[in-house]
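Every number here is computed from the coordinates shown, using simple stated rules; none is lab data. On a predicted model such as this, the values are computed, not experimentally measured, just so you know.
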Amino acid sequence: MSVVIFSHSACNKHNLGSDHPEQPGRLHAIFDQLLSSGLDYAISHQTATSATDEQLALAHDRAYIRHVIEKNPTEGSVWLDDDTAMMNRSLEAARLAAGAAINAVDWVMQRDNAQAFCAIRPPGHHAERAQAMGFCFFNNIAIAAKYAIQHYQLSRVLILDFDVHHGNGTEQIVKDDAHILFCSSFEYPFYPHPDLTETTNILKLPLAAGSDGVAFRHGVTTKWLDKIAAFAPELVMVSAGFDAHYEDDMANLKWQEADYAWIADELKKIANRSAQGRIVACLEGGYAHSALGRSVVAMLKAWL
Ligand SMILES: [Zn+2]
């Protein structure tokens, strides 16, 4: 088995200031923790390439892609929704974030038993087909899932989203795609205020404020694992947000590193059964820097 990290230094040129929670310090915390944990020696680092308009259009309307390109300012910042601002390097970073997810799909599809983590900013799972939202411009994981289906003729891709916020954008983009099973856990009720309707390919695990990793593990075990096994994904994809950690003030769940290690291990078992070990994870949220770094290390350690 081998673990790779795809990233690009220009992801951190998307910078709305140190008061903004979605900031470059997040990626610095991950890379620092990889080094200090001693795990870095075991991981291959690869430089991401930009997603093309054609690739972005796998999940987004052409008019929306043009809108984001036109809005990208040469100076100052502009707002695409109440939470989501762009500055002059934001489009470049967003293209690299989506590109990294595609690079990661290519990497794991062309190797045996490979796992990839995309250490990327901006995140993606709130971005809808035609709407930026919640710090997200392009839906990195949905683009890469659609790419995997189109480019490698896959018929079953799992996207498991354990960010503390529901992946509303991913749900909207994949809901009519029978090739994708989307399983999302999230604090509820909470932003982005999803409804709890499930379909054959959209499974939701709402978690009460204040609950810890035990509630999450119980929900995954009793509600998801059998359905995922029956689906038998050929590729496992993960919207890996770490804002359910008890140290993270963005939300009110109380997970610990061991919970991230647990879900990483379950994902590995799923991937080993039907997907030749292939996993692609994309960073979503996670705003308490030390907890973010430690949790990413816990996840990657479970794969190594
Ligand atoms: Zn989040």
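Worth a mention:
- Long-range HN-HN contacts of Val280 with modeled amide H, under 5 Å: Ala116, Val236, Met237, Val238
- Taking the DSSP beta bridges with both ends in the chain, the antiparallel portion is around 10 percent.
- The range 161-304 - percent relative contact order, Cα under 8 Å, separation 6 or more: 24
- Only DSSP H runs of four or more residues enter the estimate; each adds -39500 (n - 2.57), and after division by the residues of the chain the mean residue ellipticity at 222 nm equals -11500 deg cm²/dmol.
- Cα centroid of the range 20-69 to Cα centroid of the range 188-225, whole Å: 26
- Grouping the Cα pair distances of the chain into 10 Å bins from zero gives a pair-distance distribution of 7, 32, 40, 20, 2, 0 percent in increasing distance order.
- In terms of Cα atoms, the Rg and Dmax of the range 63-205 work out to 15.4, 45 Å.
- More than 17 Å apart - percent of Cα-Cα pairs taken over the range 175-304: 59
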